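The values are calculated or read from the model by the stated rules, or taken from the named source; none is laboratory data. Remember, it's a predicted structure, so these values are computed and weren't measured experimentally. Heads up, the Cβs are rebuilt from the backbone with ideal geometry, glycines too, and the neighbour counts pull from every protein chain shown. The protein model used for the area step is the full one, side chains on, heavy atoms only, and it has no ligands, DNA or RNA in it. Shrake-Rupley method; radii C 1.70, N 1.55, O 1.52, S 1.80 Å.
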Amino acid sequence: MDALRSDDRELWLIQSRDCTQEPVGLSYDRARFIRTVHGGHGAHCHQYLAASAFCLRRAADK
């Protein structure tokens, strides 16, 4: 992932701040970002679980 612009970073942080909501419109870079931000939240964090599933699905498709 290239360096993330600060305004994109802020937007992604705002859009993914609620752990009870699943992220929508994921890209691979955004999914990796969400995994980094929500990595320590545990098994009840929908943001982390959805982003991880997205990344795993992409890896399986390769």
Given a 1.4 Å probe, the accessible area of the chain per residue, as a whole number of Å², is 71 Å²
Among trypsin sites (Lys or Arg not before Pro) in the range 1-48, those in a DSSP loop whose Cβ has at most 12 other Cβ atoms within 10 Å are Arg5, Arg17
Taking Cα pairs closer than 8 Å and at least 6 residues apart, the relative contact order of the chain in percent is 34 percent
Carbon and sulfur atoms account, in whole percent of the 1.4 Å probe accessible area of the chain, for 51 percent
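Test of understanding: what is the full-extension gain from Asp7 to Val24, defined as 0.36 nm times their sequence separation minus their Cα-Cα distance?
4.3 nm
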Across 10 Å bins beginning at 0, the whole-percent shares of Cα-Cα pair distances in the chain come to 23, 56, 21, 0
